1. Out of all the residues in the stretch 275-284, is one or more part of a strand (DSSP E or B), open to solvent by 70 Å² or more (accessible area, probe 1.4 Å) and at negative phi?
2. Taking the stretch 303-328, which residues are touching a residue at least 60 places away in the same chain (Cβ under 8 Å) and aliphatic (A, V, I, L, M)?
3. Can you run down the residue pairs with Cβ atoms below 7 Å, 6 or more apart or on separate chains, where the first is in the stretch 110-134 and hydroxyl-bearing (S, T, Y) and the partner is open to solvent by less than 50 Å² (accessible area, probe 1.4 Å)?
4. Inside the stretch 1-40, can you point out the residues that are in contact (Cβ under 8 Å) with a residue 60 or more places away in the chain and open to solvent by 50 Å² or more (accessible area, probe 1.4 Å)?
5. Please name all residue pairs, on different chains or six or more residues apart, with Cβ atoms under 6 Å, provided the first residue is in the stretch 65-92 and is within 15 Å of L48 (Cα to Cα) and the second residue is open to solvent by 80 Å² or more (accessible area, probe 1.4 Å) and in a strand (DSSP E or B).
6. Select from the stretch 129-157 the residues that are under 26 Å from F64 (Cβ atoms), assigned to a helix (DSSP H, G or I) and acidic (D, E) and list them in ascending order.
7. Can you name the residue in the stretch 50-64 that is within 17 Å of K155 (Cα to Cα) and in contact (Cβ under 8 Å) with a residue 40 or more places away in the chain and is also surrounded by the most Cβ atoms within 10 Å (Cβ to Cβ) among such residues?
8. Enumerate the pairs (first residue in the stretch 329-346 and within 20 Å of A230 (Cα to Cα); second residue anywhere and open to solvent by 50 Å² or more (accessible area, probe 1.4 Å) and assigned to a helix (DSSP H, G or I)) with beta-carbon separation below 8 Å, excluding pairs fewer than 6 apart on the same chain, so at least 6 apart or on different chains.
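The values are calculated or read from the model by the stated rules, or taken from the named source; none is laboratory data. These numbers come from a predicted model, not from an experiment. Ideal geometry is used to build each Cβ from the backbone, glycine not excepted, and the neighbour counts take in all protein chains shown. When the accessible area is computed, the model is the full protein with side chains, heavy atoms only, and any ligands, DNA or RNA have been set aside. Shrake-Rupley method; radii C 1.70, N 1.55, O 1.52, S 1.80 Å.
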Amino acid sequence: MKNVLVNLEHISKSYDGQLVLDDLNLYIRENEFLTLLGPSGCGKTTTLRILGGFETPDTGRVVFEGRDITNLPPNKRQLNTVFQKYALFPHMNIAENIAFGLKIKGKSKSYIDDKIKYALKLVNLDGYEKRMPDSLSGGQQQRIAIARAIVNEPKLLLLDEPLGALDLKLRQDMQYELIRLKNELGITFIYVTHDQEEALTMSDTIVVMNQGYIQQIGSPERIYNEPENAFVADFIGDSNIIGATMIEDRLVNILGYRFACVDEGFGRNKPVDVVIRPEDVELTKDPAEGTIQGVVSHLIFKGVHYEMEVQACGFEWLVHSTGMFPVGTPVGIKVDPFNIQIMHKPASEDEEAVGVNE
């Protein structure tokens, strides 16, 4: 296991009596690309600001390489932050923007010049030293903001929704750039976003947050394929989430029909939630070949696949398939046992919000 770089221990934070983070515990490894993912107000940006030294937690502490830095100001921490608003100095050219932090540290002119050239090459903007910020596109400005951060050689780079202002194509290009930079520099990245695709594309580890709690921590594959609760399943990609009954190990009753599954340990005849991804729902032309029968009620062509809604047993199933079934077509529905994810049903709304905080 990689060395732990940062530990957030029992972090709580309130604003005007409103609890934003509640006893949050999280460790971040060296050279990890960790993404804090969740809806607005879930506490992800507050977590980042506490890491960066822009906020102080009400309780708990921030430990960096074994040292308590909870009350250390941002400029004394071995990290840099890149914000959604790039905050480039409009009256300075690109070289001066990049050099700003190095000049404050009293670095020599030759050192600074070398660092500027190195940083611009890293972000594929060689020769832009004399340009002014307002002559650059949004994507180029974002690269300069990243270049300005990395010349300081931080051990940790914090990125607060840095691609939010870019259009889709540019955002996708910058995702690949960030992955490349992280691999080349060996810096630990902490990335804040509400964009699920961004999180799945770039991260080594995703931390899904809601209402100040961590809901699940894991690799993109694990978060997507094995969500631990209905919030995670619903927030990460499209899902069919259905109330069901676990009859016994490896057998679940969904909408009155028995489906084989692979999950065990939920007990007998216990209420559960079932998650089935739209791409894992198989439609059969002969309705009798399906475990249950339904009728296609909606159809959209999405380019790579068709998105269909199928009315079956009083539930509207979302289906993604390369095969097209016209609206009104009777179909059967089958699901491979390995593609049925069983989750404990929360006993209350509070339990649903708390999720896991590990």
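1. Kept after step one, since they are part of a strand (DSSP E or B), are these residues of the stretch 275-284: 275-276, 282-284.
Cutting the leftovers down to open to solvent by 70 Å² or more (accessible area, probe 1.4 Å) gives us 282.
Retained after the next criterion (residues that are at negative phi): 282.
Yes, the stretch 275-284 has at least one match.
2. From the stretch 303-328, those touching a residue at least 60 places away in the same chain (Cβ under 8 Å) are 315, 317-318, 320; that's our starting set.
The one that is touching a residue at least 60 places away in the same chain (Cβ under 8 Å) and aliphatic (A, V, I, L, M): L318.
3. Once the first residue is hydroxyl-bearing (S, T, Y) and sits in the stretch 110-134, its partners that are open to solvent by less than 50 Å² (accessible area, probe 1.4 Å) give Y128/I94; Y128/L120.
4. L19, D23, R29, E30, N31, S40, listed by residue number.
5. From the stretch 65-92, the pairs are T70/R61.
6. None - no residue of the stretch 129-157 is under 26 Å from F64 (Cβ atoms), assigned to a helix (DSSP H, G or I) and acidic (D, E), so the list stays empty.
7. The first filter runs over the stretch 50-64 and keeps only residues within 17 Å of K155 (Cα to Cα), leaving 50-53, 62-64.
Add one more test, that the residue is in contact (Cβ under 8 Å) with a residue 40 or more places away in the chain, and what stays is 50-52, 62-64.
On the way: I50: 22, L51: 25, G52: 19, V62: 22, V63: 17, F64: 19.
Looking at the filtered set, the residue picked out is L51.
8. Cβ pairs passing all conditions: Q341/N225; P346/E352.
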